[in-house]
Amino acid sequence: MRLFLVVVSCVAFALPAVSTAQAQEETLADIRQELSVLYVEIQKLKRELNTTGAAGQLTGSGTLIERVNAIESELQRLTSQTEQLEYKVERVAEDGANRIGDLEFRLCELEEGCDIGALGDSSTLGGIETSGGGGNAGMVNPSSDDTTGNANAPQLAVSEQADFDRAKAALDAGNYAEAATQFETFRQSYPGGPMTARAGLLRGEALEGAGDLKAAARAYLDTFSTDKTGPEAPQSLYRLGAALGQLGQTEQACVTLAEVGNRFPGDQAVGQAQSAMTDLGCP
C-alpha cells in the first residue's frame with residue numbers, strides 16, 4: 001500500500017496538471033452570465049404584467065344577438081391570449097428554477113464548508129407552481145452511461161444531461177479531441193455532479209484515442225484521486241496502470257495494476273488488470 005501511494009504521488013507530479021484557479025474563474029464567469037440571462041427573463045415577465053391600453057372595445061350598437069356574439073368572440077380571444085401567456089410564464093418560471101438550482105449547486109461547490117446535501121429543492125421563480133413540481137422540474141435521471149444503475153441516483157439538470165450526451169456522441173463518432181475538450185468543460189461546469197467522474201473517465205479514453213497517453217494517464221489519475229471508492233474508481237485505476245505501461249513506466253504500472261485487485265476484489269476491472277500485468281511481465 002505504501003509503495004502504491006508513492007507511485008501515485010510520483011505520477012501526479014510527473015503528469016501535467018490542470019489549473020484549479022482557472023477552472024473556478026471560468027465557472028464564476030459562467031455563473032455571472034447565467035444570472036444576467038435570468039435577470040432579462042424576469043424583466044420580460046414584468047413587461048407582460050403591464051397593460052398596453054389596446055383592449056378591444058365592444059360596440060353598443062346592433063341587435064341583442066349581435067352584441068352577445070361580439071362579447072362571446074372577445075371572450076374567446078382573451079381566453080386564448082391568457083392561456084398563451086400563462087404557458088409562457090410557466091415555462092420561464094420552470095426554466096428559471098432549474099437554472100437557479102444549478103447555480104446554487106455550483107456556488108456551494110466553490111464555497112468552503114457548504115453542505116451540498118442541505119441545499120434541498122429550489123423554488124420556482126415568483127413561487128409559481130408548475131406541472132414539474134417545483135425544484136425538480138426539468139430534471140432527469142442519469143443516462144445509461146451512469147455505471148451505478150441505481151434508480152435512486154441523484155437527478156441531473158436537463159442541461160447537464162444534454163452536455164454529457166453531446167460529449168459522448170463526439171467520442172462515439174471518433175472525434176477524440178473534440179470529445180476530450182467537451183468532457184473537460186463538463187467537469188468544470190458540474191463539479192461534484194453525479195456524472196462528473198464518468199466524464200473524467202471518458203475524457204481519459206478520448207485523450208487515449210487521440211494518442212495523448214500522458215494526458216490520458218493524468219485524466220485517469222485525477223478521476224481516481226477525486227473519488228477513490230466511487231463506481232468509476234476501479235476502471236480509472238486499471239486504465240491508469242495500463243497507460244503507464246504504454247508509456248514505458250513498467251514498474252509503476254505493475255504496482256498500480258496490482259492495487260486494482262487489492263482495493264476492488266470482485267470487480268471486472270480486476271481481470272483486466274491481471275491481463276495487463278501478464279502482458280507487461282509483472283512479477
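Given the criterion of a type outside the set (Asp, Glu) and not in a helix (DSSP H, G or I), identify the matching residue among Gly248, Gly241, Gly261, Gly200. Let's see the steps before the verdict.
Values: Gly241 fails: not in a helix (DSSP H, G or I); Gly261 fails: not in a helix (DSSP H, G or I); Gly200 fails: not in a helix (DSSP H, G or I).
The unique qualifying residue is Gly248.
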Among Leu202, Leu221, the single one that is under 24 Å from Gly266 (Cα atoms), under 16 Å from the mean Cα position of the chain (by Cα) and not polar (S, T, N, Q) is Leu202
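Report the residue count in the range 203-237 for those that are more than 18 Å from Asn175 (Cβ to Cβ), assigned to a helix (DSSP H, G or I) and not polar (S, T, N, Q). Working first, answer last.
The initial filter retains those residues of the range 203-237 that are more than 18 Å from Asn175 (Cβ to Cβ), namely 213-214, 217-218, 220-237.
Still in the running and assigned to a helix (DSSP H, G or I): 213-214, 217-218, 220-226, 233-237.
Imposing the further condition that a residue be not polar (S, T, N, Q) reduces the set to 213-214, 217-218, 220-222, 224, 233-234, 237.
Going through the range 203-237 one residue at a time, the tally reaches 11.
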Looking at the range 239-246, is at least one residue in contact (Cβ under 8 Å) with a residue 40 or more places away in the chain, surrounded by fewer than 19 Cβ atoms within 10 Å (Cβ to Cβ) and assigned by TED's automatic domain parsing to the domain that holds Ala170? no
Determine whether Ala253 is crowded, with 19+ Cβ neighbours inside 10 Å, more than 24 Å from Met195 (Cα to Cα) and either at pLDDT 90 or above or acidic (Asp, Glu) (or both). yes
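Here is a yes/no grid of residues against (1) among the acidic types (Asp, Glu); (2) modelled with pLDDT under 95; (3) over 14 Å from Gln272 (Cβ atoms); (4) touching a Gly at 6+ places or on another chain (Cβ under 8 Å):
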| residue | (1), (2), (3), (4) |
| --- | --- |
| Ala216 | no, yes, yes, yes |
| Leu221 | no, yes, yes, no |
| Thr226 | no, yes, yes, yes |
| Gly241 | no, yes, no, no |
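The values are calculated or read from the model by the stated rules, or taken from the named source; none is laboratory data. Bear in mind that the values here come from a model prediction, so they are computed numbers and not experimental data. Because the Cβ atoms are built from the backbone with ideal geometry, glycine has one as well, and the counts that use them run over all protein chains shown.
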